[in-house]
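This report concerns only the one structure given below.
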Amino acid sequence: MAIEISAFAWVPPFASGHVRDLRPRWALEEAGLVYKVRLLTFEEKETREYRAWQPFGQVPAYRDDEVRLFESGAILLRIASLSDTLRPRTAQEQADISAWLFAALNSIEPMTMNLTLPALFHAGEPWVEGFRPHAEKLVDLRLKSLSAWLKDREWLTGRFGVADIMMATVLRDLREEAVLTRYPVAAAYLERCLARPAFRKALDDQIADHAAHAPAETVN
Ligand SMILES: N[C@@H](CCC(=O)N[C@@H](CS)C(=O)NCC(=O)O)C(=O)O
């Protein structure tokens, strides 16, 4: 199976290590599947050819011998289906993995982005500080529920899988936020996920790709 994913050749330093191709990279490393990374410039993501693969001009996109698709959640489910270690073994396990993967994307990520993006992209604008307590309260509510679920569990479903990869990449953006320290169960779960060698490899590879393609003016 010839697997290829897309990623950006370079992003500014604040984003390096956080771009969403980290998700399929991590899943493919867990699965032990061989894959290629197609590195794109910002101009290439606008081309007709790339938009036919990823209609929004975003990364990641994915293809193998049988399918091509986009959206990191859909990609992780495809990778799981190809992997002896990540593949669900029962209908209920498949349902649990889908439910938790969508929960990470749809019930938690919008809240975490509300909290982190204003400070990143609107720093200094007058509305940001006023919005922050509201955003933090919504994250707080979600972390409370997640912590209750994880209390006596090592992973979201019976064993480590792509739902955990998705949840960990979402929660990771809260690592600098005080709100996570109020939820030690969720924080410990996150660190458990990030301690996996496959995460480290995916992270190092993404950062190395960006470093290798940094524009000359950004290199000291
Ligand atoms: N829902 C998409 C989001 C992908 C996404 O936001 N990718 C960002 C990088 S992390 C991107 O390509 N941004 C460039 C753009 O939107 O033009 C997914 O999960 O795959």
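All conditions but one from (1) buried (at least 17 other Cβ atoms within 10 Å of the Cβ); (2) in contact (Cβ under 8 Å) with a residue 24 or more places away in the chain apply to K144; the one that does not is (1). Contact map, the range 28-43: residues that are surrounded by fewer than 20 Cβ atoms within 10 Å (Cβ to Cβ) paired with residues that are assigned to a loop (DSSP other than H, G, I, E, B), Cβ distance under 6 Å, separation 6+ or inter-chain. Pairs shown: L39/A9; T41/A9. Per the listing T157, T90, T85, T112, the residue uniquely polar (S, T, N, Q) and within 26 Å of A15 (Cβ to Cβ) is T112. D84 fulfils the conditions (1) more than 30 Å from E136 (Cα to Cα); (2) away from the ligand (no atom under 13 Å from the Cβ); (3) surrounded by 12 or more Cβ atoms within 10 Å (Cβ to Cβ) except for a single criterion, (3). Let me spell it out: the conditions are (1) outside any loop (DSSP other than H, G, I, E, B); (2) in contact with a Phe, Trp or Tyr (Cβ under 6 Å, 6 or more places away or on another chain), and E129 meets all of them except one. Which number is the exception? Exception for E129: condition (2).
Computed from the coordinates by the stated procedures, all read-outs in this text should not be read as laboratory data. On a predicted model such as this, the values are computed, not experimentally measured, just so you know. Virtual Cβ from ideal backbone geometry, glycine too; neighbours counted across all protein chains shown.
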